């Protein structure tokens, strides 16, 4: 089964590749893996597990497991994206809507 990747995927891949090239301390194979995994996450439907990623992606299940054991600095990646694409006027927001809010554990205001 082919993934649905067209123009948006190419633009996403170009942007992510540009950001990854600005980050220091990443080897070329690691950059290629992170780039392909980001595009894969944007393209996959259903559950995200290593078997599904092996089916639709370009790496084996073992490769996905080994690469996911290593850390990746998403804060630095997002900071590079901020510097590249956004203006100086930004607001940071946090939405804790995933927290349960019923019962005795609801915090009082």
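The values are calculated or read from the model by the stated rules, or taken from the named source; none is laboratory data. Bear in mind the structure is a predicted one, so any value in this text is a computation, not a measurement. Please note: Cβ atoms are built from the backbone with ideal geometry, for glycine as well, and neighbour counts cover all protein chains shown.
Here's the yes/no breakdown for (1) under 27 Å from residue 49 (Cα atoms); (2) modelled with pLDDT under 85:
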residue	(1), (2)
65	yes, no
72	yes, no
80	no, no
88	no, yes
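Pairs only if they're at least six apart or on different chains, beta carbon under 9 angstrom, first in the stretch 37-48 and farther than 17 Å from residue 20 by Cα, second at pLDDT 85 or above and not in a helix (DSSP H, G or I); list them, first residue then second.
44/57
Out of all the residues in the stretch 37-93, which are in a helix (DSSP H, G or I), within 13 Å of the chain's Cα centre (by Cα) and surrounded by 11 or more Cβ atoms within 10 Å (Cβ to Cβ)?
Matches in the stretch 37-93: 37, 38, 39, 40, 41, 42, 43, 68, 76, 77, 78, 81.
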